[in-house]
Amino acid sequence: MGSISFQGLAAVDPANGRQVHVLCYQFEDQALLDGFCEETIRRRAKAGEQMVDYVTKRYPISEDFIYSFAKDSACLYKQHIMMALMESGYTDHIYSNLYQKLFDKKYGEAFVPIQYPDVREACRVAREAGGKVVIAHPGHYHNVELVTELAKEGGIDGIEVEHPRNTLEDSKVLSQIAAEYSLIVTGGTDFHGMYSSTFYPIGSYQTKESQIKRILAK
């Protein structure tokens, strides 16, 4: 059937500050997407440095040790810090009480927020890169209303409906939106391996072949 290329773009809905994940399928301009992501990567790296500084001042582990867990990643994430703390015996799993103490978005002692680009800008850039624009797991970030707005505006090509973090009610509503605006319906398990808070085996949620053909279509 052919291979599918895709890239994820982190964004935010400025109306309410909620995070939005944008998936760009079958893009043609990698440089444009990379350029768009550069500022987010820079901000994430700066936030990572601040979180590492906080943790290393309170736990006898080195920065180098923490960063060793992120050597294969474009950025340092909170989960990498937790891996270092696990290896040092301070907790027995990533999403523990210690994770909440340090990185809870409201009360975390070491949490540093990151400023993300406007979701409409992310969708525009994804389109300019030649890609099909899909909003990922809208139920998880309570973005169902936003999806409706973007669909009305013609700013997206699809919705990720089949996903473990979409409730049954979310999936029903999202399917109705997709049908009304003739949007592509995608699915995915969003597998994160050891970094998953809840384990869903690869392939638990999938995109139907008919929808894959729509993604591949020029």
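The values are calculated or read from the model by the stated rules, or taken from the named source; none is laboratory data. Only a predicted model underlies this, so the values are computations on that prediction, with no experimental measurement involved. So basically every Cβ, Gly included, is an ideal-geometry build from the backbone, and we count neighbours across all protein chains shown. Accessible surface is based on the protein model in full, side chains and every heavy atom, while ligands, DNA and RNA are left aside. Shrake-Rupley method; radii C 1.70, N 1.55, O 1.52, S 1.80 Å.
Some observations on this one:
- The chain, relative contact order [Cα under 8 Å, separation at least 6], %: 21
- The alpha carbon gyration tensor of region 1-160 gives principal lengths a ≥ b ≥ c with a/c of 1.5 or higher and a/b greater than b/c, which makes the shape prolate.
- Relative contact order (percent, whole number), region 41-123, Cα cutoff 8 Å, 6+ residue spacing: 29
- For the peptides 20-28, 101-109, the ranking by packing is 20-28, 101-109, with the highest mean count of neighbouring Cβ atoms within 10 Å listed first.
- On Cα atoms only, tilt of 119-128 relative to the major axis of the chain in degrees: 60
- Residues Thr189, Thr148, Thr198 ordered from highest to lowest accessible area at a 1.4 Å probe: Thr198, Thr148, Thr189.
- Among the protein heavy atoms of the chain, carbon and sulfur supply 50% of the accessible surface, probe 1.4 Å, non-protein parts ignored.
- Relative contact order of region 99-218, defined on C-alpha pairs under 8 angstrom at six or more residues apart (%): 18
- Share antiparallel - DSSP beta bridges, the chain, percent rounded to 5: 65
- Relative packing of 3-11, 209-217, which averages over residues the other C-beta atoms within 10 Å, highest first: 3-11, 209-217
- Per residue, the solvent-accessible area of the chain (1.4 Å probe, heavy atoms of protein chains only, all protein chains present) comes to 55 Å².
- Computed Rg/Rh of region 76-218, alpha carbon atoms with Kirkwood Rh: 1.04
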